[in-house]
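Contents: one structure, followed by commentary.
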Amino acid sequence: MPVGEPTVVAGGWNSDDLVALYRDGERLAGALTVNRRGDIMKYRARIARLGTCSAAVKFAAQRTAATAPARA
């Protein structure tokens with residue numbers, strides 16, 4: 001079964017940083033990061049543990065919220 005289209009979970013294709021996740025069914029199959037060195041190892045571990053894509057998307061949302069600049 002081919003891996004599906006990527007889901008961008010942080011940053012964007014036209015921004016300075018990016019996290020895109022690839023899925024195979026519900027399994028997390030791959031991750032692409034640009035200027036997010038701290039993230040890639042965490043996704044590699046999730047892929048190795050055969051983690052789910054939905055759990056990785058939740059993790060990405062938590063990570064983005066934790067690193068977002070505080071708003072006044």
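Kirkwood hydrodynamic radius, computed over distinct alpha-carbon pairs, for the chain: how many Å, to one decimal?
Computed over the chain, the radius equals 12.5 Å.
Ignoring any ligand, DNA or RNA, what whole percent of the accessible area of the chain comes from carbon and sulfur when the probe is 1.4 angstrom?
Exposed carbon and sulfur together represent 55 percent of the surface.
Which value, in Å², gives the accessible area per residue of the chain when a 1.4 Å probe is used on the protein heavy atoms?
69
Could you work out the helix-only [θ] at 222 nm for the chain, with each DSSP H run of four or more residues adding -39,500 (n - 2.57) and the total divided by the number of residues, to the nearest 500 deg cm²/dmol?
When only DSSP H runs of four or more count, the value is -12000 deg cm²/dmol.
With Cβ to Cβ distances under 13 Å as the rule, what net charge do the other residues near LEU50 carry (K, R +1; D, E -1)? Write out the running numbers ahead of the final one.
Numbers: positive: ARG23, ARG27, ARG44, ARG46, ARG49; negative: ASP24, GLU26.
Charge balance in the 13 Å sphere: +3.
May I ask for the angle, rounded to the nearest 10°, between helix 37-48 and the longest principal axis of the chain, with both axes built from Cα atoms and the value confined to 0 to 90°?
With rounding to tens, the tilt is 20 degrees.
Could you give the nm distance between label points at THR52 and ASN14, where each point is 7 Å from its Cα heading toward the beta carbon?
About 3.4 nm separates the two model spin labels.
Explain nothing, just the number: relative contact order of the chain, from Cα pairs under 8 Å at least 6 residues apart, as a whole percent.
24
Compute the helix-to-body angle for 53-67: its Cα long axis versus the longest principal axis of the chain, expressed 0 to 90° and rounded to tens.
Result, in degrees: 10.
Please list, ordered by chain and number, the residues whose modelled amide H lies under 5 Å from the amide H of GLY51; skip anything fewer than 5 residues away on the same chain.
Residues meeting the amide H criterion: LEU28.
The values are calculated or read from the model by the stated rules, or taken from the named source; none is laboratory data. These numbers come from a predicted model, not from an experiment. We place every Cβ from the backbone using ideal geometry, glycine too, and count neighbours over all the protein chains shown. Ligands, DNA and RNA are excluded from the accessible area calculation, which covers all protein heavy atoms including side chains. Shrake-Rupley method; radii C 1.70, N 1.55, O 1.52, S 1.80 Å.
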